[in-house]
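Shown next, in structure tokens, is the structure this report addresses.
The values are calculated or read from the model by the stated rules, or taken from the named source; none is laboratory data. These numbers come from a predicted model, not from an experiment. Because the Cβ atoms are built from the backbone with ideal geometry, glycine has one as well, and the counts that use them run over all protein chains shown.
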Amino acid sequence: MSAQFLVAGGLLLLIAMLFAGYVISTLVTRSTINHKAAATALFMQSLVAPFTDELASAGHLSPASSARLDALLSSEQLKDRFPYFEIWKPDGTVAYSNSAQIIGQRFPRSAGLSRALKGDVVADYADLRAGEHRVRDIDTPFLEIYSPIRSGVEGHILGVAEIHEFTQPLQQDLANVRWGSWLVVAGSTFAIMLGLYGIVRRGSRTIEAQHTALEARIAEAERLATLNQSLRERLQRASARVAELNEQFIRTVGAELHDGPAQLVGFSKLKLDEISAASDSATRGRLVQHLGTVLSEALHEIRTIAKGLLLPDLAGLPLQDVIARAVSTHEARTNTQVALVIEAVDIEVSDAVRACVFRFVQEGLNNAFRHAAGARQYVSSTLSGTMLSVAVANDGAAAVQHDAVERDRERLGLQGLRHRIESLGGAFTAELRQSGETRISMNLELVGGLLEH
């Protein structure tokens with residue numbers, strides 16, 4: 001923008017400068033000539049003042065008066081500056097001239113003479129085609145200055161005094177004036193251009209900076225929109241997967257109830273029929289005792305299944321206490337030791353986060369117990385700003401082989417963890433290190449809807 005302004009503005013200001021310089025130079029030149037004419041007119045008035053009465057009465061100068069004027073004009077000082085001097089009558093007749101050959105001759109009145117007869121002081125360059133100039137073979141463009149001669153009492157115009165002045169001094173003065181005028185105009189134009197360019201340049205830089213910032217914001221907005229779209233799609237997939245896993249989990253629970261407690265209850269029903277058909281009390285007592293054992297086993301299996309489905313009361317607990325409870329519950333249930341390294345979390349989180357963290361630690365420790373017999377289990381938790389990181393690991397060297405059903409249950413549990421964490425906007429990773437250590441971790445940023453309101 002500043003470059004365009006420099007070209008366009010510079011061109012316009014150049015045109016304006018040339019026009020203004022021409023006008024100012026012309027006006028100053030005309031003013032200088034007029035000032036020169038006024039000063040010379042005063043000089044001419046002083047020359048002809050002693051002869052105005054003679055001109056008024058006789059209409060011409062006597063030989064004695066002409067001789068006096070010749071003597072004045074022939075001095076070196078005046079002759080070098082003013083080579084010719086005439087006194088004109090109103091009808092265009094030369095009443096006096098220091099060129100004797102034109103005295104008494106009548107010539108057509110020039111424009112300057114006509115204006116002077118109206119009372120103006122006129123200065124102009126000599127017209128070399130005029131008759132009075134051709135008679136004397138004048139070929140130098142002198143400056144002609146006309147000044148009206150007035151009567152001393154009434155002020156009537158008696159004639160016009162004309163003097164010819166060499167133009168060399170005047171031309172030098174005019175050249176100096178023109179150069180000064182052009183320098184002032186050019187300097188002013190340059191200063192204006194420089195000031196305007198500075199303003200436009202500063203504005204252009206501001207606009208460029210704002211444009212760059214706007215492009216950066218647009219790029220950031222597009223990046224965030226893409227990220228939000230990706231997160232939204234990821235959340236939708238996680239939600240759909242959670243629903244699918246819930247259905248799988250329900251089918252798994254149904255299968256466990258059907259294959260375990262339901263079979264035992266069905267077997268108990270058959271035993272009831274045998275009890276009813278028993279012929280003696282000893283047989284009946286033995287069958288009742290067996291029935292009680294079967295029902296106790298069914299009840300134990302139901303409680304075991306229910307225990308895995310229910311969470312303890314976690315409402316209001318700090319996250320470090322939630323993790324500690326999951327660890328202590330696992331230690332009590334499996335009779336194993338878990339190394340625990342946790343940091344205090346001073347952020348109040350929602351119950352969804354508490355449940356997610358509890359299930360993560362619970363499932364991770366369950367897998368560690370099933371997969372590695374609880375060898376070298378440890379749980380760690382850190383908080384960096386608002387980013388929560390929880391990890392569960394065990395020594396994979398003590399791995400225990402499981403059947404296909406158990407492996408499917410473990411895979412289902414890990415998938416459920418992954419999608420539960422991703423549904424909250426977090427990330428789940430599982431890795432097997434070269435040392436044989438198996439490690440799962442979750443990262444969750446505790447912001448927005450994950451905080452307790």
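A few comments on the model shown:
- Residue within segment 123-144 that is in the same structural domain as residue 96 (by TED's automatic domain parsing), buried (at least 21 other Cβ atoms within 10 Å of the Cβ) and either of a type in the set (S, T, N, Q) or in contact with a Cys (Cβ under 9 Å, 6 or more places away or on another chain) (or both) present: no
- Residue check for residue 235: closer than 21 Å to residue 444 by Cα, in contact with a helix residue (DSSP H, G or I) (Cβ under 8 Å, 6 or more places away or on another chain) and surrounded by 10 or more Cβ atoms within 10 Å (Cβ to Cβ): yes
- Selection of segment 98-117 for residues being touching a residue at least 24 places away in the same chain (Cβ under 8 Å), not hydrophobic (A, V, I, L, M, F, W, C) and not in a loop (DSSP other than H, G, I, E, B) yields 101, 112, 115.
Condition check ((1) modelled with pLDDT of 80 or more; (2) part of a helix (DSSP H, G or I)) across all residues:
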site	(1), (2)
147	yes, no
153	no, no
159	yes, no
163	yes, no
181	no, yes
186	yes, yes
191	yes, yes
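- Of the residues making up segment 304-329, just one is more than 22 Å from residue 374 (Cβ to Cβ), modelled with pLDDT under 80 and not aliphatic (A, V, I, L, M), namely 313.
- When the criteria are applied in full, residue 373 meets the requirement of being aliphatic (A, V, I, L, M) and at positive phi.
- Residue match in segment 74-90 (condition: hydroxyl-bearing (Ser, Thr, Tyr), at pLDDT 80 or above and out of contact with any helix residue (DSSP H, G or I) (no Cβ under 8 Å at 6 or more places or on another chain)): yes
- Residue match in segment 54-75 (condition: under 13 Å from residue 95 (Cβ atoms), of a type in the set (Gly, Ala, Ser), without any contact (Cβ under 8 Å) to a residue 40 or more places away in the chain and touching an Asp or Glu at 6+ places or on another chain (Cβ under 7 Å)): yes
- Qualifying residue in segment 180-190 (condition: more than 20 Å from residue 82 (Cα to Cα), free of Cβ contacts under 8 Å to residues at least 40 places away in the same chain and either aromatic (Phe, Trp, Tyr) or in contact with a Gly (Cβ under 6 Å, 6 or more places away or on another chain) (or both)): yes
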